[in-house]
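The structure under discussion appears below in the form of structure tokens.
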Amino acid sequence: MKYSAIALLIVFAASACEFGETTIAEGDPIVVVHAVMRPDRERQWVLLEQTLTGTESDDSVSGRIPGNAPQLPLTDATVTVANLGMPTDPCGMVFFTERPIDPGLETSDGLYWGPVGCPTMRTGDTLLLTVETVQGEIVSGTTEIPGADAMLLSVAGEAVTVPGPTITMNRDNDTLVAEVIVTTGRAVQLEVGSPDSLGLLKRPFAMFVDSTAITLPGDLPNFLLGILGEEDTSSVEDVEPIFTAGRYYSATVALFDDRYFDYARSGNVPLSGRGFINNLTGGMGVFGSLVAASNRLKVVGDVDDEREGLYSVVGDVESTSVDLDLELYVSAAGEDSTSLSAFVQGDWVFGPIETSDVYSGLPVGGQCRLGGDVCSRCV
């Protein structure tokens, strides 16, 4: 009887529903602001876009900007940033220019650059952003510049003030700790990544906490890769580690203000129903600030593979004598791995170098060759 009653109820409910089509009116575009003021940078920038409205004009527009490619760039706006505590300072209120005459800057529709060294920013200063579009829309927001008495990185109880000397970490045994002695600010972020030949971080790992310290174990897998959709990972064992032995890393410690912290921790998430925290008036997005400093991190590991150890590379390349020392590690998990990383230091074709690189196919001990150069195992 119970199941019959449920079936009748479903049939009744289905017969009572009528499905039809409803045309939703096109929405009005909303100004979207992306702006994070950084006292550690020589120039500041503001990106202006519009929200999508459902029209054919919503097609993506190409262009290079710091961090993103604009969808619907907002052009010809008047953009100012003012330090409310320094109204008479020459850098107290500055205009941002959409296409400044400076060959060293990336330019794009919707990308506005501030002048060199402006606006003036001190710890605790309040900045006011004002955007006025050609249609007369006005968007505004404020941020309070965070500040720290010190930013520290420590491994095995040895701490350095960032920026400072290179710190060494054994990925098999050590833990990296980032700590900020906060003057004013809200959250701390730690970003680590191995720089490429252009200085750009390859697959950086970043996390932030609403406290003053972050702890990052050296053998922690990069669990964010699967979450962010960068690659499929079926298990923790399949996820590559954050740190690879035999590589230099850049470790950046950052301190957020309230506005940027709200932006970083919120979003329109259908699963939880949690909404985006907007602190702008007349538009949406972020106008926040942070301070950051970077330090070089040398990641080593336990020498537990017969291919690991010290090598020397000597010989002639392009009629130039070379003499390099390699501190080499098996960089990936698995005894059959041929993925190897090494710290490289010495004299190369173009002069002295100190870097880290990836190698493959290096035999065990004895004589070998790397790119035509004779290589001897140091014992």
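The values are calculated or read from the model by the stated rules, or taken from the named source; none is laboratory data. Quick caveat: nothing in here was measured; it's all calculated off a predicted structure. Neighbour counts run over all protein chains shown; Cβ positions are idealised from the backbone, glycine included. Ligands, DNA and RNA are stripped out before the accessible areas are found, and what is left, the full protein with its side chains, is counted by its heavy atoms. Shrake-Rupley method; radii C 1.70, N 1.55, O 1.52, S 1.80 Å.
Hey, among T126, T88, which residue is at pLDDT below 95 and of a type in the set (V, I, T)? None of the other options fit; the residue is T88. Of the residues making up the range 138-195, those that are open to solvent by 10 Å² or more (accessible area, probe 1.4 Å), part of a strand (DSSP E or B) and without any contact (Cβ under 8 Å) to a residue 24 or more places away in the chain are E158, A159, T161. If you check P29 against the conditions, is it open to solvent by less than 70 Å² (accessible area, probe 1.4 Å), part of a loop (DSSP other than H, G, I, E, B), touching a strand residue (DSSP E or B) at 6+ places or on another chain (Cβ under 6 Å) and modelled with pLDDT of 65 or more? It is true that P29 is open to solvent by less than 70 Å² (accessible area, probe 1.4 Å), part of a loop (DSSP other than H, G, I, E, B), touching a strand residue (DSSP E or B) at 6+ places or on another chain (Cβ under 6 Å) and modelled with pLDDT of 65 or more.
It is to be established whether one or more residues within the range 89-96 are within 15 Å of R43 (Cα to Cα) and outside any strand (DSSP E or B). Within the range 89-96 (the criterion being within 15 Å of R43 (Cα to Cα) and outside any strand (DSSP E or B)), the answer is yes, since at least one residue qualifies. One residue is enough: does the range 106-117 have a residue meeting the conditions more than 22 Å from R259 (Cα to Cα), open to solvent by less than 10 Å² (accessible area, probe 1.4 Å) and among the small types (G, A, S)? Yes, the range 106-117 contains at least one residue that is more than 22 Å from R259 (Cα to Cα), open to solvent by less than 10 Å² (accessible area, probe 1.4 Å) and among the small types (G, A, S). Highlighted here are the strands (runs of 3 or more DSSP E) found entirely within the range 234-337 that include at least 2 residues which are modelled with pLDDT under 90 and open to solvent by 20 Å² or more (accessible area, probe 1.4 Å): 309-317, 320-330.
Residues in the range 37-49 that are among the hydrophobic types (A, V, I, L, M, F, W, C) and open to solvent by 40 Å² or more (accessible area, probe 1.4 Å): 1 in all.
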